[in-house]
Amino acid sequence: MFVLDGLLTGPRAPRLMKQMHPDDAAAVAKAKGGDEDAFRVLVERHTRGVYRLAYRMTGKPEDAEDVVQETFVRAFRQLNRFEERSNFATWLYRIGFNCAIDYMRARPHRESSEEPETLERISGHGNGPGIDDLVYAGEIGERVQTALNALSEQERAAFLMRHYHGHSIEEICGALNLKTNAAKHSIFRAVKKMRVALRPLLESAENAQVRR
Amino acid sequence: MSNWHPTDEDLILHFYAEGDAADAERVDAHLRGCSSCRASWMELGETLKLVDQATMPEPGPGFERVMWARVQQALPARRPSIWSVRVLLPVAATLVVTAMASGYAWMTWHRAPAGDSAPPQPQTTAATPKRDSHLGERVLLTALEDHLQQAQMLLVELKNAPEGASDFNFERMMADELISSGRLYRVSARQQGQAQYAQMLDELEAVLLDVARSDNKVGKSDLKSVRARIESQDLLFKVRATSKQVHERQRNLLSAAANE
């Protein structure tokens, strides 16, 4: 009997609800007609969701806020292209991912000459705190974010869309304008890098378990 | 048991339920009978569970209003009017107060998480039936093999690029990405005592840095100097040889683990 039977057999459920928020349709219809208050409803309803994806993409709160702003401005401009039968959140998040990619590409070129201390830290072995402590200290979040930051923009977007938002590879291809193989390989590379970067955390959890 | 083992890519697709039913059944059946692949599968699941457990700083209350104020300012064809000033001034005043209060609340929450805001406890180790002493190395090798293949592609591109000024943007971006992931793998290789891989990545990085720092349009002499560096260090050959070595080592580890 395997302890991880569920993991062996259970396919991963998509995270994002595919149904449109019932009030989105009405707000979108009004906003399309130029109603700024209706658009405000949409901004206020979805701003945290967009912020989360923008933060995961950029790794910095202030950059994430810029991306949120740009996402809604682009969404407003493109609102007439939005098809009513689609899911507004899905459509908006697509814009969000693309805004984040554009934003990151426009940032100054990475300083390539220095060994980033963060990589040493995220991969750092040692007798650090146990996994429970790490969870509660929010350090896992920090380490995961640092690992995400080590991915290329395309890898990060594809991985986040697949992992956090439950988009299929086909949907990712559409959103990021990639061919199937490119989307798959972006996810493969992202997962492989995440595994290398987060391996020490798992090892410290295993060691803590052995010690108990 | 057949000689077939799912690749890491197969396992990733399986995890995300991207294959068809027959593929899923085949992988499941194999995982039940192969302890080595099962260890790898569990490690994958646990890593991705860790990603799920990652918390991030949530913006404080009033964030929606802050963002709306910013969005509204930036919307096209915004109507400049007394109305916006009348609304925005009190909003700005409220925001200062809210930001201070939420900053304090966030810091308090961040330092002492408890109750509903605490993330769920991980169930990582309880699920691991047997420790695979080479799992960490296998994870690194799998990533490294990909990395070296991409590096080979880039080196070949550079070697075969036409002389004269050419657009170097793609190569620069690729070099930049390879530097970033190479550093991660080098740190990991050193920690695992794999000095030869760390050294290979060091040598590779020196050339990648040249490429990443080059101008978008490179001249004949720049290209010549990068090529000379690649050739003088036998870099392409070394990358190919290491890549082959990595591949062999992976196969050996896999069959050793399967025979355990």
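Coordinate-derived values only; no laboratory data. All of these numbers come straight from a predicted model, not from anything done at the bench. Cβ coordinates were reconstructed from backbone atoms using ideal geometry, including for glycine residues, and neighbour counts include every protein chain displayed.
Can you tell me which aspartates and glutamates have their Cα less than 13 Å from the Cα of A:K30? Leave out same-chain residues fewer than eight positions away.
Within reach: A:E84.
Restricting to DSSP loop positions (anything but H, G, I, E, B) with no more than 13 other Cβ atoms inside 10 Å of their own Cβ, which chymotrypsin sites (Phe, Trp or Tyr not before Pro) remain in the range B:1-45?
Loop-located and lightly packed - B:W4.
Would you mind computing, in nm to one decimal, how far apart the modelled labels at B:A206 and B:A161 are, each placed 7 Å from Cα along Cα→Cβ?
2.0 nm
Normalised by the residues of the range B:169-216, what does the relative contact order come to in percent, with Cα pairs under 8 Å and at least six apart?
57 percent
Starting from the Cα of B:K224, draw a straight line to each of the lysines and keep only those under 23 Å, dropping any in the same chain fewer than 8 residues away.
Correct list for B:K224: B:K159, B:K238.
Grab the eigenvalues of the alpha-carbon gyration tensor for the range B:133-259, scale each by 5, take roots, and send me the semi-axes largest first in whole angstrom.
Result for the range B:133-259: semi-axes of 31, 13, 12 Å.
Mind checking the mean number of beta-carbon atoms from other chains within 10 Å of the Cβ atoms in A:45-57?
Per-residue shielding by partner chains comes out at 3.
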